[in-house]
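Asks: Input: one structure, supplied below.
The values are calculated or read from the model by the stated rules, or taken from the named source; none is laboratory data. Since this is a predicted model, take the numbers as computed values, not measurements. Ideal geometry is used to build each Cβ from the backbone, glycine not excepted, and the neighbour counts take in all protein chains shown. Heavy atoms of the whole protein, side chains included, go into the accessibility calculation; ligands, DNA and RNA do not. Shrake-Rupley method; radii C 1.70, N 1.55, O 1.52, S 1.80 Å.
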Amino acid sequence: MSGSPGPIDAAAVGAVIARVRDWAPLVHCITNTVAQNFTANVLTALGAVPSMTIHADEAGALVESADALLVNLGTLDPDRRLGIEVAVAAAQEHGKAWVLDPVKVNRVATRRAFALKLLDARPAIVRGNTAEMTALFPHLGSDGMVVAVTGARDSLSDGMRTILVDNGDPLLARMIATGCALSALIATCRAVETDSLLAATAATVAWSVAAERAAEGGPGPGTFAVRLIDEIGEIDSDIIERYARISRG
């Protein structure tokens, strides 16, 4: 793993992706029901090992043995809520980095309240769209927490450094679970990279570049989804160097 923060550029991003393939980190994902299969396939294609159990009796043990944790609020039923609480407590106890995806906190008050409670447990990275992140402001971004706001242009910051990513394709917004899968990729990269901003940038660039390549030839959303998994399976340092559009904010 990296020590002190270094430059965040295409070469650094490529090195993180190569480490994921070399290390095959185990990432525990508590995520949206509609995203589970797609997310598991995306992580497996990149070389990670996903686990997806939500049951509170197992979540703690799985997080203890995992390299990172994703908490996604997309399907916040009672079982997931309890599983999330157990998983986050285990991450804190065992020093595991975890990522929060605050899905739809801008639309449901109880969900926002739960997300704010989770923020007290110090996720390494929070990723969401502009509306979701606005709903959590000003509770984001303290003590080095990375805030990743994704959309047509992705903006990622740890409060001192800001990175902008201008890759991607509009087809990402025309199919379900692309944001959920990105959050899982961010947790995957954080498992092998201690600089949370670099980890979040690496995942975002890899996903967005894969989307650009998957969209070549103008496929429909269904074909695009399959191609997206293929492209994340093929992504490497050379592809990232050719496609990545990263700048400092």
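Asks: As I understand it, the dipole of the chain uses +1 on the Cβ of Lys and Arg and -1 on the Cβ of Asp and Glu, about the Cα centre. Which of V126, N106, V165 lies farthest toward its positive end?
Replies: Final value for the positive-end residue is N106.
Asks: Right, another one. If you line up the long axis of helix 196-214 against the longest principal axis of the chain, both from Cα atoms, how many degrees apart are they, to the nearest 10?
Replies: 50
Asks: Does anyone have the angle between helix 56-65 and the longest principal axis of the chain? Alpha-carbon axes, 0 to 90°, nearest 10?
Replies: For helix 56-65, the angle is close to 50 degrees.
Asks: Once you've got the GNM for the chain with C-alpha springs shorter than 10 Å, pick whichever of V63, V34, V49 has the biggest mean-square fluctuation.
Replies: Looking only at V63, V34, V49, the largest GNM fluctuation is found for V34.
Asks: Do you know the relative contact order of the chain, to the nearest whole percent, from alpha carbon pairs under 8 angstrom that are 6+ apart?
Replies: In percent, rounded to a whole number, it is 25.
Asks: From the list (1) 14.6; (2) 15.5; (3) 11.7, can you say which value of mean projected area of the Cα convex hull in nm² was derived from the structure given?
Replies: For mean projected area of the Cα convex hull in nm², the calculated option is (3).
Asks: Please arrange T53, T134, T188 by accessible surface area, largest first, computed with a 1.4 Å probe and ligands excluded.
Replies: Descending accessible area places them as T134, T53, T188.
Asks: What whole-number value in Å² describes the accessible area per residue of the chain for a 1.4 Å probe?
Replies: Working: 10080 Å² over 249 residues.
Result: 40 Å² per residue.
Asks: List the GluC sites (Glu not before Pro) in the stretch 172-249 that DSSP assigns to loop (not H, G, I, E or B) and whose Cβ has at most 15 other Cβ atoms within 10 Å. Which are they?
Replies: Loop-located and lightly packed - E216.
Asks: Run the accessible area of the chain with a 1.4 Å probe and give the carbon-and-sulfur part as a rounded percent. Numbers along the way, then the final one.
Replies: Values: 5230 of 10080 Å².
On the chain, the fraction of accessible area on carbon and sulfur atoms equals 52 percent.
Asks: Moving to a separate point now. What angle, in degrees between 0 and 90 and rounded to the nearest 10, separates the Cα long axis of helix 36-46 from the longest principal axis of the Cα atoms of the chain?
Replies: 50
Asks: For the chain, what does -39500 (n - 2.57) per DSSP helix run (n ≥ 4), summed and divided by total residues, give at 222 nm, in deg cm²/dmol to the nearest 500? Kindly include the intermediate steps, with their values, before the conclusion.
Replies: Values: 10 runs with 125 residues, N = 249.
Mean residue ellipticity, 222 nm, calculated: -16000 deg cm²/dmol.
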